[in-house]
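The values are calculated or read from the model by the stated rules, or taken from the named source; none is laboratory data. As the structure is a computational prediction, the values presented were derived from the model and not from experiment. Neighbour counts are summed over all protein chains in view; Cβ atoms, including those assigned to glycine, are modelled from backbone coordinates with ideal geometry. Accessible surface is based on the protein model in full, side chains and every heavy atom, while ligands, DNA and RNA are left aside. Shrake-Rupley method; radii C 1.70, N 1.55, O 1.52, S 1.80 Å.
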Amino acid sequence: MDYTPVVVAPNAFKGTLSPLEAARSMACGVAQACPGRPVRLRPMPDGGDGTLEVLARALKADIRFFDVPDSCGHMRAVPFGLIPRRQGTVALIESAQVIGLSGARCPFVTRSTEGLGRLVRHVLDSGARTIYLGLGGSATCDAGVGLLAALGVRFAGLAHPDLEVLDRIGGVDVRGVDRRLAYTRLLVLTDVVNGLAGPSGAAVFAAQKGAGPALLADIDRRLRHAADRLESAFAVSVRGRPGSGAAGGLGFACALLGARLVPGAAMIARLTGLSAAIETAGLVLTGEGACDAQTVYGKGPQLVATYAHRFGRPVYLVCGRIDDSFAPVAGQFARCVSLPPGRSAAQALTAAVAALLTA
């Protein structure tokens, strides 16, 4: 019997299991197949769903709640994390908790990131001087203009800017931007490395958020128009930065405000000690809900595979669904399996891992 540790490092199985829940289900599968074998849980969100839960657990943050509008303008209490520190409070925010796909029942073009901006303003009021902001899993594609408006940017003639009016943005006044941002360390954890516009820009992800075919061809043009106006007003050029297209262009808006954009999976791996765990492991397990062409854009499982290869450890991938477009990168994993039908996601994931380890 092999008693070397197994590292379990999945991303979210979107809509069913958070990264931590998925990790625990995988650990149950290891226990069934290999009783007594040590398991190290290193759930691996990438800035999207589950980022707050994992960071709060790793950094021992207090979870608080604050009422803000979701992407459709409906008020609800959303969680965020605070960590009191001598040099200034650290805040943890996950965009998917505020403007995520869950509950987005309004027209795609009217969805706004304003609620996220209000939450950022609230943590500034709470004394935050460092903010970790996870971007991913959003229902929006407004280039972050709602967030910018909530933080003091004024758009001439547009009280509540959103995707529908991006191509009508004219004058932009940045003099009212919250001054506290100038001395706040804003670290933005992006779930993808895409830029704002172009063939691999934010519009690539619009269909999965509910944008219809007629709108898809026009979104990139609207994003480019907004970028022209905003970059001119801020006197910077940031639309090409890796991650600026994350969360429907929220990365772009954050970069305008001076944020540092970092790949979310890599930052979370550093904060949770993934590399050290894999170095002394015998096997690595990872996975996520859908494995497709987007997995190569900075997603968690790809980073886990990179670390496993660095230390010569085999890495297995378990996905809710494996798309044909995933085939070109499937070779990074020693084995790839999808979940069997007919069970809950947690039960299916446990069963799939147990079967992998006893095959």
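The residue list C141, C106 contains one member that is touching a Ser or Thr at 6+ places or on another chain (Cβ under 8 Å), hydrophobic (A, V, I, L, M, F, W, C) and closer than 29 Å to R222 by Cβ, which is C106.
Consider segment 79-97 and keep the residues that are in contact with a Phe, Trp or Tyr (Cβ under 9 Å, 6 or more places away or on another chain) and β-branched (V, I, T). The one that is nearest to I268 (Cα to Cα) is I93. Remark: A227 matches the filter, which requires a residue to be at pLDDT 95 or above and not aromatic (F, W, Y). The residue that is nearest to D218 (Cα to Cα), counting only those in segment 144-161 that are open to solvent by 20 Å² or more (accessible area, probe 1.4 Å) and in a loop (DSSP other than H, G, I, E, B), is H160.
Within segment 49-107, restricting attention to residues that are assigned to a loop (DSSP other than H, G, I, E, B) and of a type in the set (D, E), the residue that is most open to solvent (accessible area, probe 1.4 Å) is D49.
Within the set G170, G212, the sole residue that is closer than 30 Å to R105 by Cα and without any contact (Cβ under 8 Å) to a residue 60 or more places away in the chain turns out to be G170. For segment 62-83, the set of residues classified as more than 16 Å from G146 (Cα to Cα) and either hydrophobic (A, V, I, L, M, F, W, C) or out of contact with any strand residue (DSSP E or B) (no Cβ under 8 Å at 6 or more places or on another chain) (or both) consists of I63, F65, F66, A77, V78, F80, L82, I83, listed by residue number.
If I ask for residues that are within 12 Å of F333 (Cα to Cα) and open to solvent by 10 Å² or more (accessible area, probe 1.4 Å), which ones from segment 313-323 would you list? Scanning segment 313-323 gives R313, P314, Y316. Restricting the first member to segment 274-294 and to residues that are in contact (Cβ under 8 Å) with a residue 24 or more places away in the chain, and the second to residues that are part of a helix (DSSP H, G or I) and of a type in the set (S, T, N, Q), the beta-carbon pairs closer than 8 Å and six or more apart or on different chains are E288/T295; D292/S325; A293/S325.
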